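Taken together, the values in this text are just the output of simple stated rules run on the coordinates, not laboratory data. This structure is a prediction, so every number in the text was calculated from the model and none was measured. No Cβ is skipped: glycine too gets one built from the backbone with ideal geometry, and neighbour counts run over all protein chains shown.
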Amino acid sequence: MQLDDFLGVHILTGVDFAIEKATEEYYEDANNMAFEMDDKVYLVREDPDDGYRSSMKDIEEVDIKVVNQFPPCKVEGVRREDVEYQKNDVIDFYDLITGQVVMSIGTENTDDYYPCYIAYFDPTAMKINIPNNG
């Protein structure tokens, strides 16, 4: 799967985080994020590189259960814009009611010596967690 597959409006219903233990491929632990969107589960995996640099390794549809479930949240996936000295390969998911970023996936600073894996989730940005439901 590609990041652009997540552009547009979707229904987000769950997010989990896990750590993948070091293997022969990676000499250090890697972070993973699973999320349930549009009745499918996707796994975003980190390539930890060397501890100073990291990037998103891949996104794949998987057959696992996401434990952290919540009421459906309508989000829109939008590519994060580059800034003056930073190229981004990131999708930000905005809650369509609050206008806030609920989730982000990808790699920041792709053209820098220190790129950074992004797997971000902020449930406080969701309509269901706003006092009086926003």
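Only Cα pairs under 8 Å and 6+ residues apart enter the sum, and on that basis the relative contact order of the chain stands at 21 percent. P(r) for the chain, from all Cα pairs and a bin width of 5 Å, is 2, 11, 19, 22, 19, 14, 8, 3, 1, 0 %, short bins first. Peptide packing for 2-13, 62-73 was compared via the average number of neighbouring C-beta atoms within 10 Å per residue; ordered from the highest value, the list is 2-13, 62-73. Summing charges over neighbours of Tyr120, with a neighbour being any other residue whose Cβ is under 13 Å away from its Cβ, gives -3 when K and R count +1 and D and E count -1. When only alpha carbons of the stretch 57-134 are considered, Rg and Dmax amount to 14.5, 45 Å.
Under the simplified labelling scheme, the Asp38-Gln69 pair shows an inter-label distance of 2.1 nm, with each label point 7 Å from Cα along Cα→Cβ. When the C-alpha to C-alpha distance is required to be over 24 Å, the pairs from Lys87/Lys127; Lys21/Lys65; Lys65/Lys87 that qualify are Lys87/Lys127; Lys65/Lys87. When the Cα centres of the stretch 1-71 and the stretch 93-127 are compared, how far apart do they sit, in Å? Measuring centre to centre over Cα atoms gives 13 Å.
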